[in-house]
Structure formats: C-alpha cells, structure tokens
Amino acid sequence: MVSERTQRFITYLQRGGREESVTAIKKLAEIGDPAAIPELIKVLKGRPDEVRIEAAKTLGDFKAKEAVPALRRMATDPQVNVSTAAVEALGRIGDPSVVPLLGEILEAHQSTVQSHFEMIHGSHYGLYLATREALERINTYQARKILRKYR
C-alpha cells in the first residue's frame with residue numbers, strides 16, 4: 001500500500017517538469033518508501049538528464065536490485081554525468097552481475113586516453129573514479145581482479 005504522501009510525490013514526478021520532478025524525487029528519497037521504486041525506474045529513460053541522475057541516486061540509496069537492468073543501460077549513456085550517476089548507483093546496490101560491465105567501462109576508459117594528464121583531467125575521469133569505487137564496493141574476486149588490472 002502506497003502512503004498518501006508517497007503517492008502525492010509520485011504524481012508530481014509523473015506530471016511535473018524537470019524541476020518539479022527533481023524535487024519530487026528528493027522528497028521520495030527523504031520519505032524512503034520503496035513503493036516509489038517502480039516509478040523511479042520509469043524515469044531513468046526518456047526524461048531530462050537531471051531527472052534521470054536524481055532517480056539513479058535515489059535507486060542506489062534504496063539499494064533497489066530491481067533497478068539494475070535499467071541502470072545497466074543508463075551506465076552506457078553517451079552523457080558522462082548520466083552514466084556516472086548510473087555507475088555510482090550500481091555500486092551502492094552492490095549486485096555482482098554488473099562487474100563485467102564495470103570492467104568494460106574501465107577498459108574503454110583506458111583505451112581512449114592518450115596520456116596520464118588526459119586520464120586525470122579528461123571529461124571521463126569522474127566516470128573512471130565512480131567505476132573503480134563501484135568495483136571496490138562490490139568487492140568480489142572478479143571485481144578485485146579487474147581493479148588490479150587497472151591500477
């Protein structure tokens with residue numbers, strides 16, 4: 001059963017513009033009602049980046065395993081801030097099934113940088129750090145093996 005307060009913010013999320021939706025997601029995160037998870041998953045696709053990023057953060061905070069498939073897709077988004085938010089959420093959820101994807105992200109990062117300077121100052125460095133942190137959080141044998149490879 002969805003509480004009246006949760007339902008009110010779900011409605012704002014469904015009907016609101018960018019700012020209203022972001023505010024609604026933040027309120028849903030404060031309430032902490034897992035009944036909001038299905039609606040948060042829905043906004044990971046086809047909404048403005050700010051809304052998608054805030055929804056990903058909240059799903060990560062909820063440790064919503066049911067969001068993993070949608071977050072996996074979002075982790076390969078061409079917008080680096082969007083993919084970074086998805087990777088951070090996947091790390092907080094801690095599902096070992098995403099380790100190969102995270103390894104692929106690190107591999108792609110490694111193959112696209114030309115120098116140490118570019119690696120540290122390039123636009124994808126935040127994604128690189130988020131991916132390493134996600135692997136550290138998941139902390140399986142496979143995750144540790146990947147981390148050793150990309151020291």
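The values are calculated or read from the model by the stated rules, or taken from the named source; none is laboratory data. Everything quoted here is computed from the prediction, not taken from an experiment. Note: ideal-geometry Cβ built from the backbone for every residue, glycine included; neighbour counts use all protein chains shown.
Structure summary
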read-out	value
Conditions (1) more than 29 Å from LEU101 (Cβ to Cβ); (2) touching a His at 6+ places or on another chain (Cβ under 7 Å); number of the one not met by GLN7	(2)
Pick from segment 70-94, criterion buried (at least 16 other Cβ atoms within 10 Å of the Cβ) and charged (D, E, K, R), ranking: farthest from TYR141 (Cα to Cα)	ASP77
Top-ranked residue of segment 13-32 - restricted to ones that are of a type in the set (Gly, Ala, Ser) and surrounded by 13 or more Cβ atoms within 10 Å (Cβ to Cβ), ranked as nearest to LYS63 (Cα to Cα)	ALA29
Residues satisfying the stated conditions in segment 18-51, i.e. in a loop (DSSP other than H, G, I, E, B) and under 20 Å from PRO69 (Cβ atoms)	VAL43, LEU44, LYS45, GLY46, ARG47
Yes/no for ILE10 being surrounded by 16 or more Cβ atoms within 10 Å (Cβ to Cβ), in a helix (DSSP H, G or I), at pLDDT 95 or above and under 15 Å from the mean Cα position of the chain (by Cα)	no
Test: residue in segment 130-144 that is among the aromatic types (Phe, Trp, Tyr) and either modelled with pLDDT of 95 or more or touching a helix residue (DSSP H, G or I) at 6+ places or on another chain (Cβ under 8 Å) (or both)	yes
Meets criteria (crowded, with 18+ Cβ neighbours inside 10 Å and touching a helix residue (DSSP H, G or I) at 6+ places or on another chain (Cβ under 9 Å)) for ALA35	no
Qualifying positions in segment 52-64 - outside any helix (DSSP H, G or I) and surrounded by fewer than 17 Cβ atoms within 10 Å (Cβ to Cβ)	LYS63
Search result, residues across segment 81-129 that are of a type outside the set (D, E, K, R), farther than 19 Å from ASP49 by Cβ, modelled with pLDDT of 95 or more and in a helix (DSSP H, G or I)	GLY91, ILE93, PRO96, SER97, VAL98, VAL99, PRO100, LEU101, LEU102, GLY103
